[in-house]
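Structure first, commentary second.
Taken together, the values in this text are just the output of simple stated rules run on the coordinates, not laboratory data. Quantities reported herein were computed from a predicted structural model and do not represent experimental measurements. Here the Cβ is made from the backbone with ideal geometry for all residues, glycine too, and neighbour counts use every protein chain on show.
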Amino acid sequence: DWILTGKEFVDKNDLSYPFEERGLQFGDGVYEVIRIYEGEYYLIDEHVERLYRSAAAIKIDVPFQKQELYAHLHELLNKNSVRNDATMYLQLTRGSAPRDHAFPLNTEANLYAYVKDFARDTDSLEEGASAITMEDIRWEWCYIKSLNLLPNVLAKQNAKELGAKEAILHKDGMVTEGSSSNIYLVREGKVYTHPATKRILGGCVRMKIEEFCKEADIPFIEEAFRIEDFKGADEVFMTSSTSEVQPLTKVDEVTIGDGRPGPVTRKLQASYEKDAGITGTA
Ligand code: PLP
């Protein structure tokens, strides 16, 4: 397997990481996960733009011009002969320097990226999945796709131990987003989701959901809702680059609607599949 590290491609087995790396020591960096269908990036522009935005928000200079980064990312797929469904993980840190909290001088950011096979979870997309709710204990700048994922890791582990696919996070009862996804509630044909403030990560798929809703005349309402609102919801779903448009048919002990993925979710799944050029589950 070929890994992109800085501006070079190296074999996975020849990769050695510097001891004092700010990503490892401080979580001082940002990342992206990009979906690949049949060897083609999906929403790459949105992800690249967000990477630059996240980096700028924490004052990291990306050591690539955008065009150069695109060229390298495409070469990464070619070198690995990626033809199937996969994900690309891309990480950018403030670099390697003797440990000190303040920014190091004259240190270039470290970028690395790799690709791995990733199959669609079609059963779960068709059948729906369950979620639990948990307090959102993260910091105030969740719009930055930061490497500091400990609260997200703990939330997802809790969900897993309770047999759920996702942990839905809330601040004082107001739903923000999932541990690694955006969350939506459907009621009377309208889609509600937390506004894209600093409290959530504005998902690339979330941007698409807004577009798909506009195309289908489905009101897309950026208004936070409360965990109690799940009781009166017709449908609930989550989105992310890895989970796509995932129906959530149970939240804590509440069965959503009739416990099956609902028509609005199915419609948005179909729009996603059409946009991504993939064969349907919806
Ligand atoms: N919110 C959080 C906290 C995430 O980690 C993610 C993605 O992993 C998302 C939302 C969805 O983002 P995207 O649609 O760009 O994958």
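With 30 Å as the limit on Cα-Cα distance, the pairs of LYS208/LYS231; LYS116/LYS274; LYS59/LYS160; LYS116/LYS231; LYS145/LYS214 that go past it are LYS59/LYS160; LYS116/LYS231. Result for the chain in a Gaussian network model with C-alpha springs under 10 Å: among THR87, THR133, THR122, the largest mean-square fluctuation is at THR122.
Would you compute, from DSSP H runs of 4+ residues alone, the mean residue ellipticity of the chain at 222 nm, taking -39500 (n - 2.57) per run and dividing by the full residue count, rounded to the nearest 500?
After summing the helix terms and dividing by residue count, I get -8500 deg cm²/dmol.
Given +1 at the Cβ of Lys and Arg, -1 at the Cβ of Asp and Glu and no other charges, the dipole of region 1-122 around its Cα centre is 220 debye to the nearest 20. Other residues lying with their Cβ under 14 Å from the Cβ of LYS214 contribute a combined charge of -2, Lys and Arg counting +1, Asp and Glu -1.
Rounded to the nearest 10 degrees, the inclination of helix 66-79 to the longest alpha-carbon principal axis of the chain is 90 degrees. For GLY262, what is the net charge nearby, where nearby means another residue's Cβ is under 15 Å from its Cβ and Lys, Arg count +1, Asp, Glu -1? In short, 0. Build a GNM of the chain with springs between Cα atoms under 10 Å apart, and of LEU147, LEU105, LEU90 the one that fluctuates most is LEU105.
With axes computed from alpha carbons, what is the tilt in degrees of helix 204-215 against the longest principal axis of the chain, rounded to the nearest 10 within 0 to 90? With both axes taken from Cα atoms, the answer is about 40 degrees.
Note the angle between two axes, namely the Cα long axis of helix 263-276 and the longest principal axis of the Cα atoms of the chain, as a number of degrees from 0 to 90, rounded to the nearest 10. Approximately 30 degrees, to the nearest ten. Averaging Cα coordinates gives a centre for region 27-105 and one for region 234-251; these two points are 26 Å apart.
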